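Note sheet for the following structure.
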Amino acid sequence: MSSEFYVQLFESGNEKLIDTKKVTEIIERRNFIKKDDYYEVIFDNENSTIINISSSLNQLSSITVSRPCLDKELGNLLFEIMALDNFILYALEGHYPIVLYKKVISNLPKGMIETIGTPMIAKDKKEFNDLLEQIYN
């Protein structure tokens, strides 16, 4: 299991900014505890995860998911965030990255695919959750 997932937003090879509020609104639809630089999202008595995000910033280009749990609702939450724009999700432990749109691949920085691998494209929420589950195994 990966200890962290990275979710980053790119356009034309550069980081792209998105309104932080768009991301935090998705997180805040769940059961959560908000701190200055992260949210602890609680799915049930046994499953929670930390989403590192500085909510004091007006815009962001990435989030880090620490201690991701094997809960379908985490996958749903990440899918909703990634559906906002050209996001890519990856882990550093040698797993393939995941994108929702083919156009994301052409917007990645030069050399990123060689470093983290060719992204798998999830066509819907179920396929995204299936791919995410494979990262755990």
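The values are calculated or read from the model by the stated rules, or taken from the named source; none is laboratory data. Please read all numbers here as calculations on a predicted model, not as lab measurements. No Cβ is skipped: glycine too gets one built from the backbone with ideal geometry, and neighbour counts run over all protein chains shown. Note: areas computed on protein heavy atoms with side chains; ligands, DNA, RNA excluded. Shrake-Rupley method; radii C 1.70, N 1.55, O 1.52, S 1.80 Å.
Taking every DSSP bridge with both residues inside the chain, close to 95 percent are antiparallel. Remark: region 8-132 carries 53 Å² of accessible area per residue (probe radius 1.4 Å; ligands, DNA and RNA excluded). Each stretch of four or more DSSP H residues adds -39500 (n - 2.57); spread over every residue of the chain, this sum gives -8000 deg cm²/dmol at 222 nm.
Take every Cα pair under 8 Å whose residues are at least 6 apart in sequence, average their separation, divide by the length of region 46-121, and the relative contact order is 21 percent.
Computed on the Cα atoms alone, the convex hull of the chain gives a volume of 94 cubic angstrom per residue.
Its Cα centre serving as origin, the chain has a Cβ charge dipole (Lys and Arg +1, Asp and Glu -1) of approximately 360 debye.
Lysine pairs in the chain whose alpha-carbon atoms fall under 18 angstrom of each other, counting only those eight or more residues apart or on distinct chains, come to 16.
Protection proxy ranking of 68-76, 18-26, by the mean of other Cβ atoms within 10 Å over each peptide's residues and highest first, is 68-76, 18-26.
Share of the chain's accessible area from carbon and sulfur, percent, 1.4 Å?
It is 46 percent, rounded to a whole number.
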